[in-house]
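Below you'll find the structure, written out as structure tokens, and then a few comments.
What follows draws every value from the coordinates through simple rules; no lab data is involved. Remember, predicted model here, so these are calculated numbers, not experimental data. Positions of Cβ are backbone-derived with ideal geometry, glycine not excepted, and every protein chain shown enters the neighbour counts.
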Amino acid sequence: MVKLTGTFSKLQKIHALVIGDFMLDRYTFGEITRISPEAPVSILNVDNEKMMPGGAGYVALNLLSLGSKVTVIGRIGDDIQGDILKKLLKDKNANIDYLYPQKKYKTSLKNRFIAESQQLLRVDFEEIKPLEENLESNIIKSFENILKSVDVVAISDYGKGFLSDKLLKYLIDIANEKNIPVIVDPKGKDFKKYENATILKPNLKEAFIAANLTPSDDIEIAAQKIIDITNVKYLMITRSKDGIGVFSKDKKTKNFVAKPKEVKDVTGAGDTVLAILCIAIANKLTIDNASELCNIAASIAIEHIGCVEITLKAFAKRLLEYDIQNKIFDFSHLFALKKVLENKKFSILGVDSTNQITYIFKAIKKLAKENSEIIIYIFDENPKDEFVDLLSSISEVSFIILNNSNLKNLLDELTSANIYIIKENDLSKVNNTQYLSFKK
């Protein structure tokens with residue numbers, strides 16, 4: 001496994017453009033207690049229903065839940081499903097200015113029926129229809145303006161006809177001119193239309209089909225064939241519970257093994273991977289670290305029934321199970337920490353290396369009884385690695401902030417903090433002003 005030291009703390013807020021096939025997902029939950037007298041089929045007594053964006057909309061939803069700014073480009077039908085989809089995305093603060101209605105087109109609707117954590121049936125209402133030429137032209141003209149503030153482009157292709165070859169070529173070319181990474185979740189047999197994208201992310205089945213090979217063939221041969229066709233920088237092949245394989249132009253191959261606690265449903269795992277991959281690449285993480293983060297996010301996704309939004313809180317918790325060094329934040333990397341701590345009770349304990357470690361332990365144990373997150377703030381300007389590592393290893397310590405000028409901003413935004421220092425070998429509660437000005 002790739003060392004993830006400090007990776008989480010480096011995640012900053014990004015602006016992602018999500019373009020592709022937007023759908024509406026409906027989940028119908030109920031209980032089966034009898035068989036129908038009309039036919040030998042089960043009767044589902046419905047308890048509740050929920051709707052959420054699907055397809056490219058689910059990618060946008062995950063990016064939003066992880067703190068990203070999101071602009072979407074796609075089409076919907078002039079129907080009630082389209083109206084619901086727009087509202088769901090708008091309510092999550094997505095920019096829907098470029099979500100266009102197309103005449104005589106039906107918004108895709110997928111209805112999943114679930115009983116006792118098992119999906120019984122999926123009913124799809126959708127049609128595959130090409131993009132109208134006038135709409136295609138208007139979207140292409142908007143690319144130059146939209147990409148002025150975008151950090152990464154996510155292309156989510158479900159093969160419904162919206163992503164024409166012409167549209168894809170213009171988008172990828174303009175993004176490359178502006179050095180904006182383009183990450184594609186592809187569909188279909190012809191991957192040539194994604195030529196010159198940064199990363200192509202098919203699943204295993206899609207990769208073999210695109211390479212015109214069978215699952216009995218060597219995956220590395222299939223991967224190299226796809227890279228030759230598309231000229232992408234990296235090919236990332238997702239393999240569900242078996243993890244991720246990453247292939248590059250230099251013919252290097254790396255495999256990243258997933259470690260889910262329990263596989264319940266793989267629905268939406270690929271979309272979750274696309275969202276995390278966009279955040280990682282936009283933050284200039286290496287492809288290795290990005291792949292590990294994708295594996296972790298996917299492992300969380302497949303432990304739930306249906307599509308679920310991955311939050312920074314859940315992501316941070318799982319990441320810390322792999323590497324305690326992800327607890328450490330410095331002055332330039334507080335965005336992710338702020339998102340984790342939003343609307344949450346927590347305590348900040350100020351310490352430095354002159355404190356006896358025994359008293360630090362006692363203070364932490366005492367604060368842990370309050371059932372709140374414990375944030376350690378280290379006053380030393382250049383604390384020794386051994387001191388930081390020791391504090392990181394304490395299970396009750398949630399996060400560590402190194403001495404920085406941005407702490408005041410953090411406290412201004414997160415008003416629920418209780419602040420403490422160790423004074424005269426005892427725990428002492430102070431207010432924000434006292435804490436910020438405190439010097440050992």
Rounded to one decimal in nm, the spacing of the 7 Å Cα→Cβ label points at Ile80 and Leu204 is 4.2 nm
Region 1-102: antiparallel bridges as % of DSSP beta bridges, rounded to 5, reads 55 percent
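Going through the cross-link list Lys86/Lys327; Lys327/Lys429; Lys50/Lys205, which pairs have a Cα-Cα distance over 26 Å in this structure?
Lys86/Lys327; Lys50/Lys205
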Listed residues Arg122, Arg75, Arg112; largest mean-square fluctuation, Gaussian network over the chain with Cα springs below 10 Å, found at Arg122
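Pairwise over distinct Cα atoms, reciprocal of the mean inverse distance: report the Kirkwood radius of region 39-124 in Å, one decimal place.
Here the Kirkwood hydrodynamic radius works out to 14.6 Å.
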In nm, the gap between the two label points placed 7 Å beyond Cα toward Cβ at Glu177 and Asn134 is 2.6 nm
Toy charge model, Lys and Arg Cβ at +1, Asp and Glu Cβ at -1: the chain dipole around Cα centroid in debye, rounded to 20, equals 480 debye
If the chain between Asp47 and Asp97 were fully extended at 0.36 nm per residue, the gain over the current Cα-Cα distance would be 14.5 nm
Sorted largest first, the C-alpha extents of region 76-216 along its principal axes in whole angstrom are 49, 45, 27
In this structure, among Lys189/Lys252; Lys13/Lys313; Lys169/Lys251; Lys129/Lys193, pairs with alpha-carbon gaps over 21 Å are Lys189/Lys252; Lys169/Lys251
Of all DSSP beta bridges having both residues in the chain, the percent classed as antiparallel (nearest 5) is 40 percent
Burial-style ranking of 11-24, 142-155, 282-295, 385-398, average other-beta-carbon count within 10 Å with highest first, yields 11-24, 282-295, 142-155, 385-398
Listed by chain and number, the residues whose amide H is under 5 Å from that of Asn203, excluding neighbours fewer than 5 places away on the same chain and using placed H, are Thr238
On the formula 1/(1 + (r/R0)^6), with r taken between the Cβ atoms of Lys104 and Glu342 and R0 of 56 Å, the FRET efficiency rounded to 0.05 is 0.80
